Amino acid sequence: MKKEVKDKPSWLFVDLDGTLIDSIPAIKKVFFEIGNYSGVKLSEKDFSVCDGMSLKEISSYIAKKGNCSQSEIFSKYEKALSNLYRKTKLRKNARSVLINLKKNGWRLAIVTSAKKEYAENSLKFHNVNKLFEFVISGESAPRAKPYPDLFQVAQKKAGDGYFFALDDSVNGVEAARRANCFIIRFNSFLTETHFFSVKSFNELNNRICLAGGDYPFIFSSADKFSFVLGRDNLILLEEKDIKKVDDFWKSEKKSNPKLFDGQTFAVTEELKPFVFSVCMIPYRYIHYQRQTGNFLGFIALGVTGVVRKKNKVFLAKRPEWVTAYRNYFEYVPAGSISQESLDKKKKTISVVKELRKECKEELNFSPKSLSPNFLAIDGNDYVMDVVYEIKLPDGVNPKLGEEHITGDFFSRSYLKDLYHRGEKFIPLVLLCEKIS
């Protein structure tokens, strides 16, 4: 069994320039001025390449193109940035949102490629320095973003935990991905709602939460979404990680021979608003993440149906023999996405087809009405659940299969009573029913 979730706090690593602070216009101005000083005409593409790098790395980049030495550029750049924070603005509602996140259990840290003195002065100037437990700056590791070093230093300092990263730059997002953080990209120029991106701190406040005070979620209401077969992300894993998974699986099979290493679908990226790329991976990678708490970047894809009758919801209790959440109440039907749901010609996945199959197998009825409700990533279980509301046909009563101990319709008030009497619920139920 996994460790209790309360042993693992949820951390949000926040980038400074361009994310917490609206400083990119001022920084970009300095960047092009330094280029002119060095005798080189820098472009927007050059800035994008350097965005997220340390000052030393940016100076080296410009020196290779221009007429000045790296040390000369570094010195001039450092002087130009020393008081730049006074010309920047804190993102709208950032302070109040961060206070709210801390109040609700999130722990906060800054992870930036900027120099420590600049970062600390910026945080104090904008009166948010006391909200963060520590600052990881460009001097904290040999390599800055897009390398994972800064995030890995932050993870080591934070200790065991669930790690989420909020960053605006391509280099920052890549660094967080390589450090196996859950990534939310900040982009104030978004014109459409995305799942893995936010355009404001208010949107962030409505995108992440700790269900039951412990379980970290990224979630969003959604009535239109799709999943398409994409690249195989196993090729991005390092050999040492593959070996860890294989060795762990061999050990697990010895203690539980019934474990089956079938193929499962995992979400890898958001191609455009609510259009997700998925790949097929062996189940052992998902199992390894769940049992060890070491996130490798794979988010399993699952589907859940919430069956309601008047003001009650159908829940069933999981049996003793399952590998996780033994004797916890959960929504039924629910399950991972099987290969039968893949349209091989279109390379798309039908979660509705899977949900109808699960409903027939687990509750012995065929739903007539399925309404898409929302998407939620459980940071404790590394699963993206596609959640549908299921309208129970007139005269039909669910007949629970052998995969659960007991099941019934419960009112929210009764669920709260059960919760306070010590009954346990999977995180998704805590998120949806707000019973904790």
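Just so you know, all these numbers are worked out from the coordinates, no wet-lab data involved. Note that this is a predicted model, so its numbers are computed, not measured. All Cβ positions, glycine included, derive from the backbone under ideal geometry; neighbour counts span all protein chains shown.
Just a few scattered comments:
- Mean separation of Cα contacts under 8 Å, 6 or more apart, over the residue count of the chain: relative contact order %: 14
- Other residues whose C-beta falls under 13 angstrom from the C-beta of Phe409 contribute a net charge of +3, scoring Lys and Arg +1 and Asp and Glu -1.
- Cα centroid separation - region 263-290 against region 14-93, whole Å: 36
- Nearby lysines by direct alpha-carbon distance to Lys310 (threshold 20 angstrom, same-chain neighbours under 8 apart not counted): Lys368, Lys391, Lys399, Lys416, Lys434
- Within region 16-92, chymotrypsin sites (Phe, Trp or Tyr not before Pro) in DSSP loop having at most 16 other beta-carbon neighbours inside 10 Å: none
- With both residues required to sit in the chain, DSSP beta bridges show an antiparallel share near 60%.
- In a reduced charge model with +1 at each Lys and Arg Cβ and -1 at each Asp and Glu Cβ, region 278-342 shows a dipole moment near 400 debye about its Cα centre.
- One decimal place: the segment Ser277-Arg326 gains 14.5 nm when fully extended, by the rule 0.36 nm per residue minus the C-alpha distance.
- In nm, spacing of pseudo-spin labels at Glu423 and Ser255 (7 Å Cα→C-beta vector): 3.0
- Per-residue [θ]222 nm for the chain (sum of -39500 (n - 2.57) over DSSP H runs n ≥ 4, rounded to 500): -10000 deg cm²/dmol
- Entries in Lys130/Lys199; Lys254/Lys345; Lys145/Lys258; Lys102/Lys353; Lys29/Lys103; Lys309/Lys424 that, when Cα-Cα distance is taken, lie over 31 Å: Lys254/Lys345; Lys145/Lys258; Lys102/Lys353; Lys29/Lys103
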